[in-house]
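Coordinate-derived values only; no laboratory data. All values reported here derive from a predicted model rather than from experimental measurement. When we count neighbours, we look across all protein chains shown, and the Cβ atoms used for this are built from the backbone with ideal geometry, even at glycine.
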Amino acid sequence: MHNLIDKIIDVTGGQGGNSHLIIGENKTALIDCGMAYCASELINNIKEKLKDNRKLDYIFLSHSHYDHAGAIPYLRSTWPEVKVLASEHAYNIFNRSNALKLIKELGNMAGKYYGYNKQIDYDDNLLKVDQIIYDGQKVDLGNIIVSILETPGHTKCSLSFVVQNLVFFASETTGCLAKSGKINTSFINSYKDSINSFKKCENAKAKYVISQHNDFLIEIAKHDYWQKCLETTIESKEFILKLYRDGFNEEEIYEEYKNTYFDEELKLLQPDIAFEINNKAMIRTIINENTLF
Ligand SMILES: [Zn+2]
């Protein structure tokens, strides 16, 4: 077991997005790649770990957001044969020029937020999905199998990855675990999908989880992890709905939400512009889904 965990290496290039390298006997793969501004650091970290002239074969994308996909163009320039594997929704998103524009804009804003002063520029054609992967599909890296789970909720395109039923790379649908142990909810696209996704995560019965925007493994059963994700998601929903029922408008709900949830720890993980975009969308989702009934 420990052997496998040794083959899953944190190669994160900088603040705001995480990236793990998995070294199989035949293939190597990255789970997410983080933001564009820290691509060169990321590439250096990967090269340091790839021995015997091995190259990077796959990039698994948990979803299409700039802080997970932004470094793809740079990785592709370094390893031209690398294949980006993601959901069909992500494939479609990267075919939309307005989405590509937003990814670059947010990448630039985040770079500045984290103290990177150069302008980010790359060929948008490099930001694409090469192979669509589906729920239940397995990818063999050579003695290491990565299973794909569609876990929508954060976005429609959200995927989780289970490595040998041991390590579960949870999509952002489940939230982001901070070092303090607090889980920050992030169900932008659908609360209901998120609840279904939690069940799916639990059913995978993995032993450890790596949450997004973090690099440490925690034992799922010991921390009752999926239950905690569920509880914090319900808590966020109730927080929003209470204000909504009390007559607050979306902007006022957002201000209350930000004052309560955008703490110092979260500020390190997420620029305020991204927090604003994500959470305003989340508030709208909750109100819309709630008023459907
Ligand atoms: Zn995201």
Once label points are set 7 Å from the Cα along Cα→Cβ at both Gln119 and Lys182, what is their separation, rounded to one decimal in nm? 3.7 nm
Can you pull out the chymotrypsin sites (Phe, Trp or Tyr not before Pro) in the stretch 199-283 whose DSSP state is coil and whose Cβ has at most 14 other Cβ atoms within 10 Å? Phe216
By counting other Cβ atoms within 10 Å of each Cβ, how are Met282, Met35 ranked from fewest to most? Met282, Met35
Between Glu256 and Glu235, what length comes free when the chain is fully extended (0.36 nm per residue of separation minus the Cα-Cα distance, one decimal in nm)? 6.2 nm
At a 10 angstrom cut-off on C-beta neighbours, averaged per residue, how do the peptides 167-174, 112-119 rank from highest to lowest? 167-174, 112-119
Report, by chain and number, residues whose modeled amide H sits under 5 Å from the one on Ser87, excluding near sequence neighbours (fewer than 5 apart, same chain). Ile133
For the chain, what is the percent of antiparallel DSSP beta bridges, rounded to the nearest 5? 70 percent
Environment charge at Asp123 (Cβ cut-off 14 Å; Lys +1, Arg +1, Asp -1, Glu -1): +2
What is the angle, in °, between the Cα long axis of helix 191-203 and the longest principal axis of the Cα atoms in the chain? Nearest 10 is fine, range 0 to 90. 50 degrees
Please identify which residues in the stretch 115-141 have an amide N closer than 20 Å to a label point set 7 Å out from the Cα of Asp272, following the Cα→Cβ vector. 115-117
Any chance you could give the angle, 0 to 90 degrees and rounded to 10, that helix 250-261 forms with the longest Cα principal axis of the chain? 60 degrees
Could you work out the relative contact order of the chain? I mean the mean sequence separation of Cα pairs under 8 Å and 6+ apart, divided by the number of residues, in percent. 14 percent
Degrees separating the helix 272-291 axis from the principal Cα axis of the chain, which is the longest one: 60 degrees
Rounded to the nearest 0.05, what FRET efficiency do Lys101 and Asp224 give with R0 = 35 Å and r taken as the Cβ-Cβ distance? Could you check? 0.25
Helix-only [θ] at 222 nm, the chain, -39500 (n - 2.57) per DSSP H run of 4+, per residue, nearest 500, equals -13000 deg cm²/dmol
